[in-house]
Amino acid sequence: MIKKGVRLLRAGEVVAFATETVYGLAVAAENTEAVKKLYRIKGRDAKKPMALLVHSKAQAEKLCGPVPAPVKKLMKKFWPGPLTLVLPSRKDKSKTIGLRLPDHALSLAIARAFKKPILLTSANKSGEKEAKTAREVKAQLGKRVALVLDGGRVKIGKPSTVFAWTAASKGVLREGAISEEKINKVLRSK
């Protein structure tokens, strides 16, 4: 099933699969038409960013450039895991990117097999409840998704925490599976 998912991503299709937090919808990040399709299916404002699924810290660093020491602490403690990091883009320093390294065998296997960045967002319509099972993805999104890979019920059931370290913002943008208190404790540690 992983091979089929990767083949569909390469073909510009939307694929859904489990992470440890919630089910995600994914497309090849470099495929403009696939990205537009993902935003349409999600019903999300095109100005609202989505995260990039990465398969390793090394891949993340290729996308964002040098990682500041405080962010390295968070990576060490919470990656892989339910933390999305918003950092300056290596390609364009005036832009930011969200990076997510999940702690789930299925999503990591897809990311490793695909090799390139995958745009990832929760598998639900904007404003609706996040899907925690493959059945919930199918019920909410139906045939608009080319493939739903069943990774069982997710472990956490809450979205990832989003933390930014950019010129415009330093701190938690959205508290999710990891509390702001835990984030700050790691940042304060030696």
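With (1) hydrophobic (A, V, I, L, M, F, W, C); (2) surrounded by fewer than 14 Cβ atoms within 10 Å (Cβ to Cβ); (3) closer than 28 Å to Asp45 by Cβ as the list, and Val172 as the residue in question, which single condition is left unmet?
Looking at each condition in turn, Val172 falls short on (2).
Within segment 144-158, restricting attention to residues that are among the small types (Gly, Ala, Ser) and surrounded by fewer than 16 Cβ atoms within 10 Å (Cβ to Cβ), which residue is nearest to Met1 (Cα to Cα)? Lay out the reasoning, then the answer.
Of all residues in segment 144-158, those among the small types (Gly, Ala, Ser) come to 146, 151-152, 157.
Now restrict to residues that are surrounded by fewer than 16 Cβ atoms within 10 Å (Cβ to Cβ): 152, 157.
Values: Gly152: 14, Gly157: 23 Å.
The residue in question is Gly152.
Filter segment 93-126 for residues that are in a loop (DSSP other than H, G, I, E, B), touching a residue at least 40 places away in the same chain (Cβ under 8 Å) and more than 25 Å from Lys3 (Cα to Cα) and give the result.
Hits for segment 93-126 are Lys125, Ser126.
Take the conditions over 30 Å from Pro66 (Cα atoms), small (Gly, Ala, Ser), part of a helix (DSSP H, G or I) and modelled with pLDDT of 95 or more and apply them to Ala131. Does it pass?
no
Residues of segment 126-143 being surrounded by 15 or more Cβ atoms within 10 Å (Cβ to Cβ) and either more than 26 Å from Ala11 (Cα to Cα) or not hydroxyl-bearing (Ser, Thr, Tyr) (or both), which ones? Full working, then the answer.
Of all residues in segment 126-143, those surrounded by 15 or more Cβ atoms within 10 Å (Cβ to Cβ) come to 130-134, 136-138, 140-141.
If the condition is that a residue be surrounded by 15 or more Cβ atoms within 10 Å (Cβ to Cβ) and either more than 26 Å from Ala11 (Cα to Cα) or not hydroxyl-bearing (Ser, Thr, Tyr) (or both), then Glu130, Ala131, Lys132, Ala134, Glu136, Val137, Lys138, Gln140, Leu141 are the ones that fit.
Search segment 10-34 for residues that are in contact (Cβ under 8 Å) with a residue 12 or more places away in the chain and pair each with any residue that is part of a strand (DSSP E or B) and surrounded by fewer than 20 Cβ atoms within 10 Å (Cβ to Cβ) when their beta-carbon atoms are under 9 Å apart and the residues are at least 6 apart or on different chains.
Glu13/Leu147; Val14/Leu147; Val15/Leu147; Ala16/Leu147; Phe17/Leu147
Taking Thr21 and the conditions (1) surrounded by fewer than 21 Cβ atoms within 10 Å (Cβ to Cβ); (2) touching a strand residue (DSSP E or B) at 6+ places or on another chain (Cβ under 9 Å); (3) not acidic (Asp, Glu), which numbered condition does it fall short on, given that it satisfies the others?
(1)
Of all residues in segment 160-182, which are outside any strand (DSSP E or B) and either of a type outside the set (Gly, Ala, Ser) or more than 15 Å from the chain's Cα centre (by Cα) (or both)?
Correct list: Thr166, Ala167, Ala168, Ser169, Glu175, Ile178, Ser179, Glu180, Glu181, Lys182.
Could you please let me know if Lys190 is farther than 23 Å from Asn124 by Cβ, without any contact (Cβ under 8 Å) to a residue 24 or more places away in the chain, part of a loop (DSSP other than H, G, I, E, B) and charged (D, E, K, R)? Even if it seems obvious, please write down each step before you answer.
On the way: farther than 23 Å from Asn124 by Cβ: yes; without any contact (Cβ under 8 Å) to a residue 24 or more places away in the chain: yes; part of a loop (DSSP other than H, G, I, E, B): yes; charged (D, E, K, R): yes.
For Lys190, the condition - farther than 23 Å from Asn124 by Cβ, without any contact (Cβ under 8 Å) to a residue 24 or more places away in the chain, part of a loop (DSSP other than H, G, I, E, B) and charged (D, E, K, R) - is met.
What are the residues in segment 82-92 that are under 20 Å from Ser122 (Cβ atoms) and either at pLDDT below 95 or assigned to a loop (DSSP other than H, G, I, E, B) (or both), if any?
Initial filter on segment 82-92 (under 20 Å from Ser122 (Cβ atoms)): 82-86.
Scanning segment 82-92 gives a single hit, Pro82.
The values are calculated or read from the model by the stated rules, or taken from the named source; none is laboratory data. Note that this is a predicted model, so its numbers are computed, not measured. Counting neighbours? That spans all protein chains shown, and the Cβs are built from the backbone with ideal geometry, glycine included.
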